[in-house]
Amino acid sequence: NVAYGVQTVTFSGLQGDVSYHFAIFPYTNNGANIDYKTDGNYPTVTVTTENIYYLLNEEFDEDLGSFFAYDAYGDQFWHQATYQGNAYAQMNGYADGASHQNEDWLIGYVEISPNMVFDEVWLEFKTAMKYEGEQIRVAVSSDYDGQSDPSDFDWIYITDAFDYSTGNYEWVESGKVNVAEVVPNYPTSFYVAFIYTSSDEIAASWEVDGVKVTGMHVNAVNEVEMSAISLYPNPA
């Protein structure tokens, strides 16, 4: 606290699951605009950072990054686009003055080490869209093979759990969903997909950015199993 309000200081690069101690020391220099606490009892605070692991963090700065596009049908496809220096993944079924029928998947892989078990695995992203068209869908799968037609595998659709842009290319944060509660046989690695569809009548333009998957609260780390070895004859 200072004389003119509350000041918030943000620190980056702190390690997870570590306690940090902070203190604001008195500042005694003279000056017309200086009115800091100087009674000798400086404020202190101790905080413990959460144990967070970034399992996926894609900003699409380098093409589609860790994601890949699967074109189920149609001539349009997911690609990287930029506007005013901001990069993102974009899909639009409108081309050459007309809407076109499309189904296109933007798929990313979330790898979870078998030695790590998280209580929570949060998925979040942001979207922007414009023009009339079908809602983009979001799904996760633990059995997709990473290369075949995704419609041949089991996907759990969690579209309704998020918030989306409503138009005019306005970016909207999705909110977070704990994927650990919906992925079958968790803990396991899984795929996350953004599915775009359009028709010959309507085709919206959808943009996706800032896709993050974070693992929190490690509750177990599997120990390496010891193997018993017998030697024959005894003594060997």
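For residue 134, the residues whose modelled amide H falls within less than 5 Å of its own, excluding neighbours fewer than 5 places apart on the same chain, are 204. Using 0.36 nm per residue and subtracting the Cα-Cα separation, the extra length available between residue 200 and residue 153 on full extension is 14.2 nm.
Can you give the Kirkwood hydrodynamic radius of the stretch 80-191 from its Cα pairs, in Å with one decimal? Final number for the Kirkwood radius of the stretch 80-191 is 16.1 Å. 3J(HN,Hα) along the stretch 99-109, derived from phi through the Karplus expression 6.51 cos²θ - 1.76 cosθ + 1.60 where θ = phi - 60°, amounts to 7, 9, 6, 9, 9, 9, 10, 10, 10, x, 9 Hz, with x in place of Gly and Pro.
From the alpha carbon centroid of the stretch 199-219 to that of the stretch 123-141 is 6 Å. On the basis of the beta-carbon distance and an R0 of 25 Å, residue 53 and residue 103 show a calculated FRET efficiency of 0.15. For the set 134, 103, 111, the ranking by accessible area, highest first and with no ligand, DNA or RNA atoms included, is 111, 134, 103 under a 1.4 Å probe. Put simply, the amide H of residue 175, placed in the peptide plane, has neighbours under 5 Å in 125, 163, leaving out anything fewer than 5 places away on its chain.
Calculate the FRET efficiency for residue 134 and residue 186 from the Cβ-Cβ distance with a Förster distance of 35 Å, rounded to the nearest 0.05.
0.75
Computed on protein heavy atoms with a 1.4 Å probe, the accessible areas place 88, 20, 94 in the order 94, 20, 88, largest first. Average accessible surface for the stretch 110-157: 49 Å² per residue, computed with a 1.4 Å probe over protein heavy atoms with every protein chain in place. Label sites at residue 96 and residue 46, each approximated as a point 7 angstrom past Cα along Cα to Cβ, lie 6.9 nm apart.
In this structure the amide hydrogen of residue 102, modeled in the peptide plane, comes within under 5 Å of the amide hydrogens of 198, 199, none closer than 5 places in sequence on its chain. If each of residue 119 and residue 68 carries a label point 7 Å out from its Cα toward its Cβ, how far apart are those two points in nm? The two pseudo-label positions are separated by 3.6 nm. Our Cα-only numbers for the stretch 74-119 put the radius of gyration and Dmax at 16.7, 52 Å. Backbone phi angles across the stretch 122-130, fed through the Karplus curve with coefficients 6.51, -1.76 and 1.60 (θ = phi - 60°), yield HN-Hα couplings of 9, 10, 8, 6, 9, 10, 9, 8, 7 Hz in residue order; Gly and Pro are listed as x.
Surface exposure of the stretch 41-107, expressed per residue as accessible area with a 1.4 Å probe, stands at 59 Å². Karplus-based coupling profile of the stretch 54-65, in residue order and whole Hz: 7, 8, 7, 8, 10, 10, 6, 6, 10, 6, 8, x, with θ = phi - 60° in 6.51 cos²θ - 1.76 cosθ + 1.60 and x standing for Gly or Pro.
Rg over Rh for the stretch 43-106 works out to 1.27, using Cα positions for both radii and the Kirkwood form for Rh.
The values are calculated or read from the model by the stated rules, or taken from the named source; none is laboratory data. From a predicted model like this one, the values you see are computed outputs, not experimental measurements. Methodologically, a virtual Cβ is constructed for each residue, glycine included, from the backbone with ideal geometry; neighbour enumeration extends over all protein chains shown. Quick note on the areas: whole protein, heavy atoms, side chains included, nothing else; ligands and nucleic acids left out. Shrake-Rupley method; radii C 1.70, N 1.55, O 1.52, S 1.80 Å.
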